[in-house]
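Heads up: the structure comes next, in structure tokens.
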Amino acid sequence: MIDIDLNQVNASLRDARPEEILRWALSLDQKTIVTTNFGPFEAVLLNMVYEQAPGMPVICVDHGYNTTATYRFAADLTQRLGLNMHYYTPRVTAKRREAVMGGIPDIDDANEHDLFTKEVKLEPFARAMAEHQPQVWLTAIRKEQTAFRDSLDVVTVDGKTGVIKVAPVFYWTELDMEEYLYEKGLPNEEDYFDPTKVLKNRECGLHVG
């Protein structure tokens with residue numbers, strides 16, 4: 001594990017632009033990955049990575065329930081930025097689950113929905129981390145997205161893996177993200193659905209340690 005003073009680092013990066021935070025993460029000179037779900041504003045961090053570290057492994061857990069628009073957006077952005085994509089999928093396909101396992105459990109059934117989340121997102125992601133074994137994980141989570149994320153910071157240590165997690169756009173607002181996309185002429189994907197979250201302000205478990 002990388003030995004860094006989280007309080008000191010976060011204080012020094014508090015007012016830095018995302019591009020500067022990304023440069024700091026790359027300066028650690030460790031094996032680094034970036035994750036994406038190809039949802040709203042995901043093109044922001046992916047483009048920043050493309051500009052500073054083209055060829056970095058991009059990890060995406062495809063739970064099988066993405067919209068047609070999201071799949072097309074992912075394909076188009078991958079081609080445009082030449083992303084080094086690595087997809088990870090659940091052991092059970094969405095079609096099989098729909099046919100014989102009842103599909104997506106209701107979020108009010110906490111136990112069933114937690115099991116569903118583990119099967120379609122957390123297990124594939126654990127496989128990805130085991131295969132790539134990164135020391136640094138870049139993520140596009142932002143402070144304003146959920147109550148839990150509001151309690152985090154730019155640089156944290158992932159509770160499950162011990163990996164240094166860096167969120168370059170952590171303090172950016174939705175307006176900041178929109179302006180970046182406009183300035184760079186990048187597309188956005190808003191027809192997005194995450195069956196492990198369902199509601200926008202819920203956590204899927206990936207970032208909860």
Of all residues making up the range 54-70, the number that are among the hydrophobic types (A, V, I, L, M, F, W, C), within 24 Å of Glu174 (Cα to Cα) and outside any helix (DSSP H, G or I): 4
Go through (1) at positive phi; (2) assigned to a helix (DSSP H, G or I); (3) of a type in the set (D, E, K, R) for Asp29 and report which single condition fails. (2)
Hey, Ala167 hits all of (1) exposed (fewer than 13 other Cβ atoms within 10 Å of the Cβ); (2) modelled with pLDDT of 95 or more; (3) small (Gly, Ala, Ser) but one; which does it fall short on? (1)
From the list Ala16, Ala43, Ala25, pick out the single residue that is among the small types (Gly, Ala, Ser), closer than 22 Å to Thr156 by Cβ and buried (at least 17 other Cβ atoms within 10 Å of the Cβ). Ala25
Could you tell me which numbered condition Phe73 fails, if it satisfies all but one of (1) under 18 Å from Val154 (Cβ atoms); (2) of a type in the set (A, V, I, L, M, F, W, C); (3) assigned to a helix (DSSP H, G or I)? (1)
If you take the residues of the range 1-13 that are within 17 Å of Gln135 (Cβ to Cβ) and in contact (Cβ under 8 Å) with a residue 24 or more places away in the chain, which of them is surrounded by the most Cβ atoms within 10 Å (Cβ to Cβ)? Val9
I'd like to verify a number: residues in the range 96-122 that are in a helix (DSSP H, G or I), of a type in the set (A, V, I, L, M, F, W, C) and either free of Cβ contacts under 8 Å to residues at least 12 places away in the same chain or farther than 14 Å from Gly64 by Cβ (or both), how many? 5
Which residues, counting only those in the range 80-94, are touching a Gly at 6+ places or on another chain (Cβ under 8 Å) and either surrounded by 18 or more Cβ atoms within 10 Å (Cβ to Cβ) or under 19 Å from Asn66 (Cα atoms) (or both)? Thr89, Pro90, Thr93, Ala94
Can you pull out every residue in the range 32-53 that is hydrophobic (A, V, I, L, M, F, W, C), within 15 Å of Val169 (Cβ to Cβ) and assigned to a strand (DSSP E or B)? Val34
Looking at the range 70-77, is at least one residue in contact with a helix residue (DSSP H, G or I) (Cβ under 7 Å, 6 or more places away or on another chain) and at pLDDT 95 or above? yes
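The values are calculated or read from the model by the stated rules, or taken from the named source; none is laboratory data. All values reported here derive from a predicted model rather than from experimental measurement. Don't worry about glycine lacking a Cβ; one is built from the backbone with ideal geometry, like all the others, and counts go over all protein chains shown.
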